[in-house]
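J.: After the structure tokens below, expect a handful of questions from me.
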């Protein structure tokens, strides 16, 4: 069975600090998809990024970057120069082939950015 | 383009009652999935409907059921409510045509069971 572990429950940083959110996953499938979602206080989950198991190219998008390493089953997310508006709960999730909309989520990491 | 709409936003029920939650997906999306979010268990998948058929189901008791209408709107029903059913119920939509699609979530229905 698949599993997603986010070991960091809560992280507090001061604005402009860089912060990395860790995600470790388990799956027996060779084809799978990894996601990061953000949940602000309003409640809805907002999609940030998706990676499939065949694409280990790391990506930078503005202040966000992602590091996908199959060798360590990790899919970490970094925010550079954090801002107060980044405060939210961040979820890492896994979907396997044939699962369509079935996501297995980690427990989430609450990020608090102080001014 | 309107987002995913969930109604009602808040619900208060008592044990033993039943409840129906509603979800309107993004126009053109044929897949609707439901998730339960609690402080203890986190986010857990309930079920997914695609073109009015349940395509996937999570590990929840039969008290949790759903359906999808021809316009892709979906309802979720919980019968014989228990205290442990108190949770944020999130609905998500997608085109449903392949694996690994990004999901668009609604703001959820906060259910409190007293």
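Quick note: the coordinates plus some simple rules give every number you see, no bench work behind them. Here the structure is a predicted model, which is why all the values come from computation and not from measurement. Heads up, the Cβs are rebuilt from the backbone with ideal geometry, glycines too, and the neighbour counts pull from every protein chain shown.
J.: Hey, what's the Cα Rg ratio for chain A versus the globular rule of thumb, 2.2 N^0.38 Å?
T.: 1.03
J.: Defining a contact as two alpha carbons under 8 Å apart and six or more residues distant in sequence, what relative contact order in percent does region A:26-115 show?
T.: After rounding, I find 29 percent.
J.: Counting only other chains, and only Cβ atoms inside 10 Å, what mean value do you get across the residues of B:93-104?
T.: Across B:93-104, the average partner-chain Cβ count within 10 Å equals 5.
J.: Here is a follow-up. Given a Förster radius of 22 Å and the C-beta distance between residue A:47 and residue A:14 as r, what FRET efficiency does 1/(1 + (r/R0)^6) yield to the nearest 0.05?
T.: E(calc), rounded to 0.05, equals 0.20.
J.: Could you work out, residue by residue across A:31-40, how many beta carbons of other chains sit within 10 Å of that residue's beta carbon, and then give the average as an integer?
T.: The mean count of partner-chain Cβ atoms within 10 Å per residue comes to 2.
J.: Arranged by the count of other C-beta atoms within 10 angstrom, fewest first, what order do A:51, B:30 take?
T.: B:30, A:51
J.: Another one. I need the fraction of alpha carbon pairs in the protein assembly as shown separated by more than 24 Å, rounded to a whole percent.
T.: 45 percent
J.: If you don't mind, another one. Apply the Kirkwood formula to region B:27-96: the hydrodynamic radius equals the inverse of the mean of 1/r over all pairs of different alpha-carbon atoms; give it in Å with one decimal.
T.: Hydrodynamic radius (Kirkwood, Cα pairs) of region B:27-96 is 12.4 Å.
J.: Order by neighbour count: B:21, A:45, fewest other Cβ atoms within 10 Å first, most last.
T.: B:21, A:45
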